[in-house]
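In what follows, a single structure is set out as structure tokens and then discussed.
The values are calculated or read from the model by the stated rules, or taken from the named source; none is laboratory data. Since the structure is predicted, the reported quantities are computational estimates derived from the model, not experimental observations. Virtual Cβ from ideal backbone geometry, glycine too; neighbours counted across all protein chains shown.
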């Protein structure tokens, strides 16, 4: 037996919960996915126009001019720190990263808001570039994996802040599996993945802090942008320390 007021209250809570879960469309996530797919398609088309079918596997000719490469960054091509995160070594590489972004992006974007989510993604991407230059500065590196690892790290921090067991939710096992693959599979950028993960943990600790975080926190946004700027400057310094001739 339930009173009318209790039934009405329960109904309103259910509706509010659905509205909260629905949220606003994750436009930043969709834009990032579209940008990654568009860049890969453009590189593929350029390769095919040049008469090379290798673009289907290698991701096209754009990797050579936009991929992360320490000597090129040291020579002044700083944009590679960002553009490398939108280039991929093949269709499967692109598909796996975009599938992960499609899963991890929307809940984070709805929770943090668009600007803070975008700052988190940028900081994770640049932290991944920094990590790649520290571990393998002379290896051409491409992919959004560093930023994806950052999102995974931020989710784990957010779950812990909300009192959710990250092991029971599957996030910790998922992270461990991906770290095993990072180390065990040849050709994967260990520094890029670990750097992105560290950036995600750091920004997640900021954004999910009760004093700094939240959808309307300007402090959280500025702090994440500061992390991104620090990673950018540090990456330039690391590239300069390992300077090698580039032409």
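Would the stretch 176-194 turn up any residue that is surrounded by fewer than 24 Cβ atoms within 10 Å (Cβ to Cβ) and over 30 Å from residue 95 (Cβ atoms)? No, the stretch 176-194 contains no residue that is surrounded by fewer than 24 Cβ atoms within 10 Å (Cβ to Cβ) and over 30 Å from residue 95 (Cβ atoms).
What do you reckon, is residue 146 touching a helix residue (DSSP H, G or I) at 6+ places or on another chain (Cβ under 7 Å) and either part of a loop (DSSP other than H, G, I, E, B) or surrounded by 14 or more Cβ atoms within 10 Å (Cβ to Cβ) (or both)? So residue 146 fits the description; yes.
Residues that are surrounded by fewer than 20 Cβ atoms within 10 Å (Cβ to Cβ), in contact (Cβ under 8 Å) with a residue 24 or more places away in the chain and not in a helix (DSSP H, G or I) within the stretch 78-112 comprise 78, 89, 90, listed in sequence order.
When 51, 60, 64 are checked against the criterion of being over 16 Å from the mean Cα position of the chain (by Cα), at pLDDT below 95, on the phi > 0 side of the Ramachandran plot and surrounded by fewer than 16 Cβ atoms within 10 Å (Cβ to Cβ), a single residue qualifies: 51.
Being assigned to a helix (DSSP H, G or I), crowded, with 17+ Cβ neighbours inside 10 Å and under 11 Å from the mean Cα position of the chain (by Cα): is that true of residue 133 here?
Working: assigned to a helix (DSSP H, G or I): yes; crowded, with 17+ Cβ neighbours inside 10 Å: yes; under 11 Å from the mean Cα position of the chain (by Cα): no.
No, not satisfied.
Going by the conditions given, is residue 156 in a helix (DSSP H, G or I), more than 30 Å from residue 65 (Cβ to Cβ), at pLDDT 95 or above and touching a helix residue (DSSP H, G or I) at 6+ places or on another chain (Cβ under 8 Å)? When the stated conditions are applied, residue 156 passes them.
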